[in-house]
Amino acid sequence: MLTAVTIALTGSVAAYAESESPAATGGTGTDREVTFTASDGLELHGSLRVPTHARKPVPAVLLIAGSGPTDREGNSSGISGDVGTLRNLADTLAKNGIASLRYDKLGSGQTGMGPYAEDPGRVDFDAYVEHAAEGLRFLADQPEVNQDRLMVTGHSEGGLIALVLAQDETLDVPPISSVGLLTPASLRYLTTITNQLTAQLEAGVEAGVLPREEADALLASLEEIVESLRTDGRLPDSVPPELASLFNPYNERFLHNADQYDPSELAATLPTDVSVYLACATADIQVACSDVDLVRAGLAERPAGHTTNSTLYGVNHVLKEVGSAGSDGSEYGEPLPFSRQLRIELSWFVFTQLHLR
């Protein structure tokens, strides 16, 4: 998920092997423990779910988590409780005869930091893209999988990775027939951070806990930081301590690299034969539906029937139902129902776009 930055100010930021174990929860089929090794030497650990009673080979979906140290289930060390976004998606797909691969991202679960442990400042956004690309290659190579019916589905920041995978021919990944974008990152990375920090600073001023002049000084510094990262790929010489937990040498390379990608422009360059399911959520406090509309605009010129647009009502950023109670993020790990609307819509999408096409 896109991690909401807080001014309080705590910061943000191919050899195969496998063994079988029962699926931890729900769904149809079993989770097979797998590993795959990316070109940077990182061994990624994941779960391959194959439906039990489907005729093989079956269509398959690569599931990509959002930002931060998010594991194969969709859980993050920064959030207490069970978020379970990716596991719920795997359950839904399996019940519809679709295999899936989800994995512990760099810095999470069994994957850990690997070769980046001694120098985390080497991590950039493209590393996450390459890890997903290797995951897709691994998924396509499984004997139970139909290589002609592959889908990539990303949640939040994972949606941006999915867009890159689907349109960047230099990555040399198997052909992608469909893309799922679930509450996807919809603005350039540094624009998202700027918007979040600005809203928090203004809220502090309104609540009377932050003097106007201090907020203005931080906003001016923020503008300078963003300009420097975008143009030079470097932080300015001086960063206010209130912002240093987010803007520091460890994050510098990643922030510059991630900001080079504009989701709406990537959407506009998707191959026209790739079908897309795009969903925003009305109770999402991290990615507004008005932001997702920019990605919708990028998809607007595609052939009729190749894009399914959805608005998930009463659903939060991690795709759980919150209804009229709304969301403040504290409920992400609570045992709330996974969006039934999403389950129904995604089931129909994969039936028509993966089984029938």
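See the values below:
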read-out	value
For region 198-250: relative contact order, % (alpha-carbon pairs under 8 angstrom, 6 or more apart)	23
For the chain, calculated [θ]222 nm from helices alone, where every DSSP H run of n ≥ 4 adds -39500 (n - 2.57)	-10000 deg cm²/dmol
Solvent-accessible area of residue 250 with every protein chain in place, 1.4 Å probe, in Å² to the nearest 10	140
Considering only the chain, percent of DSSP beta bridges that pair antiparallel, nearest 5	45
Estimated inter-spin distance, residue 141 and residue 272, nm [label 7 Å along Cα→Cβ]	3.5
Separation between Cα centres of region 46-111 and region 268-292, rounded to whole Å	20
Nonlocal amide H pairs with residue 61, under 5 Å, H built at 1.01 Å	99, 100, 101, 151
Per-bin percent of Cα-Cα distances, region 280-352 [10 Å]	19, 44, 30, 7, 0
Region 109-240 shape via C-alpha gyration tensor axes, a/c threshold 1.5	prolate
Accessible surface, per residue, of the chain when the full set of protein chains is kept, probe 1.4 Å, Å²	41
Per-residue ³J(HN,Hα) for region 115-127, Karplus 6.51 cos²θ - 1.76 cosθ + 1.60, θ = phi - 60°, Hz, x for Gly and Pro	x, 8, 4, 7, 8, x, x, 6, 5, 10, 5, 5, 5
Region 222-342: relative contact order in percent, alpha carbon pairs under 8 Å with at least 6 residues between	20
Lysines whose Cα lies under 26 Å from that of residue 320, excluding same-chain neighbours fewer than 8 positions away	95, 105
Sequence-separation-based contact order of region 98-168, relative, with Cα cut under 8 Å and 6+ spacing, percent	23
Shape category assigned to region 24-180 from the gyration tensor of Cα positions, a/c cut at 1.5	oblate
Accessible-area composition of the chain, carbon plus sulfur, in percent [1.4 Å probe]	51
Region 203-276, Cα convex hull volume normalised per residue, Å³	140
GluC sites (Glu not before Pro) within region 284-357, DSSP loop, no more than 10 other Cβ atoms inside 10 Å	301
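The values are calculated or read from the model by the stated rules, or taken from the named source; none is laboratory data. Computed from a predicted structure; not experimentally measured. Cβ sites come from the backbone with ideal geometry, for glycine too, and all protein chains shown count toward neighbours. Protein only, heavy atoms only, side chains kept; ligands, DNA and RNA dropped before computing areas. Shrake-Rupley method; radii C 1.70, N 1.55, O 1.52, S 1.80 Å.
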